[in-house]
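Working notes for the structure below.
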Amino acid sequence: MAAQKSLLHTSGLTIGYQSGRNKTKAVSGPLDLDLYAGQLICLLGPNGCGKSTLLRTISGLQHPLKGEIELEGKNIKQLRPAQVAKKISLVLTDNVRSGNLDVYSLISLGRYPHSGWLGVLTASDKQIINQAVEATGTGEFLGRKVDSLSDGECQKVMLARAMAQDTPLIILDEPTAHLDLPSRIQLMRLLHQLAKETNKAILLSTHELDLALQVADQIWLMSRGGHLDAGLPEELILNGAFQHAFDKDGIAFDAATGTFNIHNAGKKTISVTGDGIAAFWTKKALIRSGFSISSAEEENLVVSVSRDGEDSIWTIHHNSEQTTYTTLCEFLNAL
Amino acid sequence: MNKIKVLILLSILLVAFLLDIALGSVHIPLKEVIKALFNPDSGNDTWVYIIEKIRVPKALTAIIVGCGLSVSGLQMQTLFRNPLAGPEVLGVTAGASLGVALVMLSAGSITSLYTIKELGISGSWLIILVSSLGAGLIMLLIVSISSSLKDNVIVLIVGVMIGSITFSVISIWQYFSTPELIKDYLLWTFGSLGGVTGSQLLILSIVVSIGLLISFLSSKLLDALLLGDNYARSMGLTVKRARILIIGSTSILAGGITAFCGPIGFIGIAVPHLARALFNTSSHRVLIPACCLIGTVLMLICDIVSQISGSQTVLPINVITSLVGAPVVIWIIVGSTKLKGF
């Protein structure tokens, strides 16, 4: 990585906002960050820690309080808005469903920084638009009005617009918010693919921890105080940054599974024997019902999960008594 | 497809223009109208006089008003991202009226059709300038309010309130003037296309042409603003500069027209929607000329209706534009389930 020139570099960047006359409130900083072409970077962090402020500052919508942002080696302050627009495109949370826009017109607005004074599209503009449409799979919506799109479709269309802007860096502010699970996965997969195939750098903020861990090349992890850790997802798990960032009562990040535990450790202990998917989900159900799972075989409450043809059966061994159940529900009720 | 629509609109425009000249308290046959337009020396002197001095200026004024108000309404709807924005709704015409009243009162007179007619050329320029300034001030005020209020409906209500305050101030001034002048003022508020002739018509057409030109040249900026300020900025638009340009041209259009014709309602709000529906686009490069065409046709038709054929009575133009425009506004409100999210 060191040999590659960074696309965007911040040095001593302090972000924040105006909180009254001549007063500023710093949210985070100083930050020294680097962004490289072809990377997908996920910005994670709890609500209100300053993710949007960071993205807005990097994209030039908001001034930094201190420090410098360099875009391809040039200080962003010295670039005109039109020049920045050729380098950075955005997908924001702003509402765009207005003004009688149809999907094709909206996507072609992406050519805005490249087109002439009246905004007439040339053949090469149209070709780039078509490529963006193809890459994002938005071809089937083209004739529709923007306000008839679902949230997931709308996000894809906004991504297509950013692609049409044809910038080396795309920044997305919470693109997965309001989307259902399949759309979220689809979008993240699409972004991952785009970063690899088009060699664009993609920076996005999200709350989808598990998806981010799977697709991100880099994670920028912000904690409530504005502290930011950057690194490979696995690095951040191993060095305890995740546990620290989401440190809140009753919530623990489980480095073993890469997920958060919502349940407090149960008072009763139980041991589960048996393998496979059925045993895995049985453990989950037991934890939800307030048990802690013990790996010791000598517990006086043991359940064995076994197969009976196509179906699973659950057998409770308690003080040398055995009872067998054919459904998980019956088994849980009996405990 | 669009070419056919434009051709149809142009032919309706031509017919409406001729009818508007032919019809009125004195009915002039269409044949004579055409004759008088192309060969004024032949034919009936009285008719030629009526056509040249009254009917043609009035029809031209209708065209100017139709173009100017529609385009100013379109620009406001895009700038505020609000389907119900328009010069009269957001108090811009009220601001213009305040400017006009200010000039009249400081001259020891009162705003009226007749005093405007008495103005010389320099007076005409002055009144357009002040009226545009009044319109611009109100627009700046609403823009600054709307940036802190995210709710479109509230911005509309604030606009209506600012309009009411402005008209109240004018009314208080009216209260201290003589009854005859109040009557004059009331007539002016009904709106009229008939008061603009000669040098004033020339001045008004110059002012509106400049406004329309600026507006057409900023059509790319308007397109970018459709996605809101943040997206516009991310596409390289200097939002502040674009806003000043748009507010400027809107103020010139709405202010100039209001100064000479009174506050004419509903054209500014309704025509942009008709243009969007007819041409099925959001591109201002198409919408601005479309608004001019449709606005012109609509104003000419309103003017034809207002001078009930063969009768001496002329209905105020504002009454007719409201009759035509208000149903369109209702259609917009009913049709737009997401009014707040425009």
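The values are calculated or read from the model by the stated rules, or taken from the named source; none is laboratory data. None of these values were measured; they are calculated from a predicted model. Here Cβ is always computed from backbone atoms with ideal geometry, including for glycine, and neighbour counts include all displayed protein chains. SASA here: full protein model, heavy atoms, side chains in, ligands and nucleic acids out. Shrake-Rupley method; radii C 1.70, N 1.55, O 1.52, S 1.80 Å.
Could you do me a favour and compute the accessible area per residue for chain A, 1.4 Å probe, result in Å²? Mind showing how you got there, number by number?
Details: 16850 Å² over 335 residues.
On a per-residue basis, 50 Å².
On the beta carbon distance between B:ASP45 and B:ILE4, with R0 = 35 Å, the FRET formula returns roughly 0.25. Ranking A:TRP117, A:TRP281 by solvent-accessible area of protein heavy atoms (1.4 Å probe, all protein chains present), from largest to smallest, gives A:TRP117, A:TRP281.
Can you give the helix-only mean residue ellipticity at 222 nm for chain B, where every DSSP H stretch with n ≥ 4 adds -39500 (n - 2.57) and the sum goes over all residues, rounded to the nearest 500 deg cm²/dmol? Mind showing how you got there, number by number?
Working: 16 runs with 255 residues, N = 342.
Mean residue ellipticity at 222 nm (helix-derived): -24500 deg cm²/dmol.
Determine by what factor the alpha-carbon radius of gyration of chain B differs from 2.2 N^0.38 Å, reporting the quotient.
Here the answer is 0.98, to two decimals.
Applying both filters, DSSP loop and at most 13 other Cβ atoms within 10 Å, to the trypsin sites (Lys or Arg not before Pro) of the stretch A:20-93 gives A:ARG21, A:LYS23.
Peptide A:78-87 has a mean of 3 when you count, residue by residue, the C-beta atoms of other protein chains within 10 Å of its C-beta. Peptide A:109-118 shows a mean partner chain C-beta count of 5 within 10 Å per residue C-beta. By how many degrees, between 0 and 90 and to the nearest 10, does the Cα long axis of helix A:276-288 differ from the longest principal axis of chain A? Tilt of helix A:276-288: around 90 degrees. Reported to the nearest whole Å, the Cα centre-to-centre distance from the stretch B:219-250 to the stretch A:52-97 is 17. Interface A-B: total buried accessible area of about 2600 Å², 1.4 Å probe, protein heavy atoms only.
Distance check, please: which entries in B:LYS35/B:LYS58; A:LYS87/A:LYS126; B:LYS3/B:LYS31; A:LYS77/B:LYS240 exceed 22 angstrom between their Cα atoms? Could you put the intermediate results ahead of the total?
On the way: B:LYS35/B:LYS58 18 Å; A:LYS87/A:LYS126 19 Å; B:LYS3/B:LYS31 29 Å; A:LYS77/B:LYS240 17 Å.
Pairs exceeding 22 Å: B:LYS3/B:LYS31.
Estimated translational diffusion coefficient (Stokes-Einstein, Kirkwood radius over Cα pairs, 10 °C, 1.306 mPa s) of the stretch A:268-334: 134 µm² per second. Distance distribution P(r), the protein assembly as shown, all Cα-Cα pairs, bin width 10 angstrom from 0: 3, 13, 19, 18, 15, 12, 9, 6, 3, 2, 1, 0, 0 percent. Of the residues A:MET188, B:MET161, the one with the largest accessible area comes first in the ranking B:MET161, A:MET188, computed with a 1.4 Å probe on protein heavy atoms. Residues of the stretch B:142-157 with an amide N closer than 20 Å to a point placed 7 Å from the Cα of B:ALA326 along the Cα-to-Cβ direction: B:157.
The angle between the Cα long axis of helix B:56-79 and the longest principal axis of the Cα atoms of chain B comes to about 10 degrees, rounded to the nearest 10. How large is log10 I(q)/I(0) at q = 0.10, 0.18, 0.22 Å⁻¹ when the Debye formula is applied to the Cα atoms of the stretch A:21-132, each weighted equally and without solvent? Result of the Debye calculation: -0.42, -1.16, -1.39.
List for the stretch B:225-245: residues with 30 Å² or greater reduction in accessible area, all protein chains versus chain alone, probe 1.4 Å? In the stretch B:225-245, residues shielded by partner chains: B:LEU226, B:LEU227, B:ASN230, B:TYR231, B:ARG233, B:SER234, B:MET235, B:GLY236.
Per the 1.4 Å probe, what fraction of the accessible area of chain A, in percent, lies on carbon and sulfur atoms?
Values: 8360 of 16850 Å².
Roughly 50 percent of what the probe reaches on chain A is carbon or sulfur.
In chain B, the longest principal axis of the Cα atoms and the axis of helix B:198-217 are about 30 degrees apart. Amide H contacts of A:PHE246: none lie under 5 Å away among residues 5 or more positions distant or on a separate chain (H built 1.01 Å from N in the peptide plane; Pro and chain starts excluded).
If you take the Cα centroid of the stretch B:125-168 and the Cα centroid of the stretch B:58-72, the two points sit 22 Å apart. Quick one: compute a quarter of the convex hull surface over the Cα atoms of the stretch A:107-200 and quote it in nm². That works out to 6.3 nm², a quarter of the Cα hull's surface.
Looking at the stretch A:167-326 alone, DSSP beta bridges between its own residues are antiparallel in about 65 percent of cases.
Proximity of backbone amide H atoms, modeled 1.01 Å from N, is registered between A:THR273 and A:VAL303, A:SER304, A:VAL305 at under 5 Å, excluding neighbours fewer than 5 places apart on the same chain.
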